[in-house]
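Novice: Have a look at this one.
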Amino acid sequence: MTTTTTPSTPPHAQPVITSHAQQLMIDEGDQVELPCVVTNLGEYNLIWRHGNEILWILLEKHGERLEQEMTTRDSRLSLEGTALNLRDAQAGDAGTYTCEVSTKPPRTLNHTLDVRVPPTVFPAHNRSVVTVKMGSSVTIACHPYGNPRPSITWNLKRCEWLIASLHVSQGRKLTRVPSGNRLVVTNAQPEDNGMYTCTADNGAPTTAKAVITLQVMFPPRVRAEEEEVITGISYGATLACFVEAEPMARVNWYRKGDIPVDPLRLPKKVDARRRYSLQFDMVTLEDFGVYTCNATNYMGNSSAVIHLTGRPKPVRYFSSPQGEENTTYTLVWDVESYAPVLTYTISYGNESDPEDQWVNLMVPGTSSSSSLHSSSHTFDNLQPGATYHVQVTATNEFGESDVNETFAFSTLQEESSASAQDSAAPTLTPAERRTQMGAFLTAIILSCFFS
């Protein structure tokens, strides 16, 4: 018959665990040592457990202390004295580790180990592209994994064509407010299009990202880069329109309403901003007219109209707003016209006069070796110290220019004029003043021609 004996260590010499309980957080793959320093262990056994699983037993046999592996066959575990070592920690290693001395009752020390597992994240339902019609609602979501549970942040990268067409910023600012791993888009609009990045972070050395592309389906919107393009015969020209649409639209160019342009003569191009262009290498007289940029997808169609014309551009003024005389003023201007300017139409009046009472007059046009034309006109019989408003338009064989703006100038007060004449040396005669003005206009033309 076998009898079991209890170790006969005196009470005052009972084993004492001097280590303190710890709560540890380590990264996956790290190594950790769990201490369990025992004084007066004597002939008592020491047991390490992970939960209810016995990992190691340190026992005495014939006066020699032996370490014996029990239950587990995990080569990552080892003992250093009475401390338990764990290498290459994995998520399953998390939990409570107990060091127990076989007294009655047993004396124990519990360590809590948590293993931080780097995050991973995936789009919900593995949908990396989410499609919705404009005006509908949709939820974008991602599912993060890791220990501890990762937190989620969202950002948005918009498409280049969206930035150019809608004039929105590329910034990461969201137009929708996310809720954790979900982002709800209600009444979806074209501005919501883009790539939404879901970033998972739990404090591990690395983060994880999932990208979900949101495509809001909407009919085309077409905007002309310029509603009127001014050029000349034998010169080049480019007509362009911006098209925003999802799915991408089919774009066609027409002239005079419904006549398709010749693709062999007029190359068509499109860039990453969805800018569609029609290129004229050398404009002919027959090319002038109205062109239509038409875009179509299964959601609908839209168009923009562009005029290709040879009429002059608006006039630009170069005179000083403050005149040097009290009853006369010389206005200098130039205009870009690829055809000779036939006439200039001038309308002017005192600032106190209503516009329908302004004086209208016409002066001869100009021809130039370049597309830039310069001219001038001297107004007589003006009131001293008065402010006048003037508008100048240019006309060539293709039409009249738009009014750029109303130019304002002022004449000198009579006393100011007299004072200025007294101090001026010498005073130019009318003939000398005309010669000086002619030289000034010649300088303007030459500078524009050689620039």
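Novice: Within the range 240-258, restricting attention to residues that are among the charged types (D, E, K, R) and touching a helix residue (DSSP H, G or I) at 6+ places or on another chain (Cβ under 9 Å), which residue is most open to solvent (accessible area, probe 1.4 Å)?
Specialist: Looking at the filtered set, the residue picked out is Arg255.
Novice: Out of the residues in the range 1-46 meeting the condition of being outside any strand (DSSP E or B) and of a type in the set (Asp, Glu), tell me which one is modelled with the highest pLDDT.
Specialist: Among those that are outside any strand (DSSP E or B) and of a type in the set (Asp, Glu), it is Asp30.
Novice: Continuing with the same structure: Here are Phe379, Phe450, Phe407: which of them is of a type in the set (Phe, Trp, Tyr) and either surrounded by fewer than 14 Cβ atoms within 10 Å (Cβ to Cβ) or at pLDDT below 55 (or both)?
Specialist: Only one candidate passes the filter, namely Phe450.
Novice: Out of Ile346, Ile306, which single residue is surrounded by 15 or more Cβ atoms within 10 Å (Cβ to Cβ), closer than 24 Å to Ser277 by Cβ and among the β-branched types (Val, Ile, Thr)?
Specialist: The match here is Ile306.
Novice: Take the conditions of a type outside the set (A, V, I, L, M, F, W, C), within 22 Å of Ala408 (Cα to Cα), touching an Asp or Glu at 6+ places or on another chain (Cβ under 8 Å) and open to solvent by less than 40 Å² (accessible area, probe 1.4 Å) and apply them to Gly323. Does it pass?
Specialist: Spelling it out, it is not the case that Gly323 is of a type outside the set (A, V, I, L, M, F, W, C), within 22 Å of Ala408 (Cα to Cα), touching an Asp or Glu at 6+ places or on another chain (Cβ under 8 Å) and open to solvent by less than 40 Å² (accessible area, probe 1.4 Å).
Novice: Select the strands (runs of 3 or more DSSP E) contained entirely in the range 52-110, then report the ones holding at least 2 residues which are modelled with pLDDT under 90.
Specialist: Passing ranges, in order: 53-61, 64-69, 77-80.
Novice: Out of everything in the range 217-239 that is under 18 Å from Tyr276 (Cα atoms) and assigned to a loop (DSSP other than H, G, I, E, B), what residue ends up being least open to solvent (accessible area, probe 1.4 Å)?
Specialist: For the range 217-239, the residue satisfying everything is Gly236.
Novice: Check whether at least one residue in the range 256-263 is at pLDDT 95 or above and more than 30 Å from Val132 (Cα to Cα), and report yes or no.
Specialist: no
Novice: Let me spell it out: the conditions are (1) closer than 15 Å to Ile212 by Cα; (2) touching a Ser or Thr at 6+ places or on another chain (Cβ under 7 Å); (3) modelled with pLDDT of 95 or more, and Asp192 meets all of them except one. Which number is the exception?
Specialist: Just one mismatch for Asp192, condition (3).
Novice: Pick from the range 259-296 the residues that are among the charged types (D, E, K, R) and not in a strand (DSSP E or B): which of them is nearest to Phe218 (Cα to Cα)?
Specialist: So the residue we want is Arg274.
Novice: Taking Val121, is it in contact with a helix residue (DSSP H, G or I) (Cβ under 8 Å, 6 or more places away or on another chain) and farther than 30 Å from Asn40 by Cα?
Specialist: When the stated conditions are applied, Val121 does not pass them.
Novice: Ser369 is checked against (1) modelled with pLDDT under 95; (2) touching a strand residue (DSSP E or B) at 6+ places or on another chain (Cβ under 6 Å); (3) open to solvent by 60 Å² or more (accessible area, probe 1.4 Å) and fails just one. What number does that condition carry?
Specialist: Ser369 satisfies all of (1) modelled with pLDDT under 95; (2) touching a strand residue (DSSP E or B) at 6+ places or on another chain (Cβ under 6 Å); (3) open to solvent by 60 Å² or more (accessible area, probe 1.4 Å) except (2).
Novice: Here is a further query. What number of residues in the range 326-343 are of a type in the set (Val, Ile, Thr), out of contact with any Phe, Trp or Tyr (no Cβ under 8 Å at 6 or more places or on another chain) and surrounded by fewer than 17 Cβ atoms within 10 Å (Cβ to Cβ)?
Specialist: Final tally of qualifying residues: 2.
Novice: If you check every pair at least six apart or on different chains, which have Cβ atoms under 6 Å apart with a residue in the range 267-282 that is at pLDDT below 90 and charged (D, E, K, R) first and a residue that is surrounded by 11 or more Cβ atoms within 10 Å (Cβ to Cβ) and outside any strand (DSSP E or B) second?
Specialist: That search, which allows pairs on different chains as well, returns Arg273/Glu160; Arg273/Trp161; Arg273/Ala164; Arg274/Trp161.
Novice: Quick one: which residue in Phe280, Phe288 is under 36 Å from the mean Cα position of the chain (by Cα) and of a type in the set (Phe, Trp, Tyr)?
Specialist: Phe280
Novice: Pick from Tyr291, Tyr338: which is in contact with a His (Cβ under 8 Å, 6 or more places away or on another chain), within 23 Å of Glu227 (Cβ to Cβ) and among the hydroxyl-bearing types (Ser, Thr, Tyr)?
Specialist: Tyr291
The values are calculated or read from the model by the stated rules, or taken from the named source; none is laboratory data. Worth saying up front: this structure is predicted, and the values here are computed from it rather than measured. Every residue, glycine among them, receives a Cβ derived from its backbone with ideal geometry; neighbour counts consider all protein chains shown. Accessible surface is based on the protein model in full, side chains and every heavy atom, while ligands, DNA and RNA are left aside. Shrake-Rupley method; radii C 1.70, N 1.55, O 1.52, S 1.80 Å.
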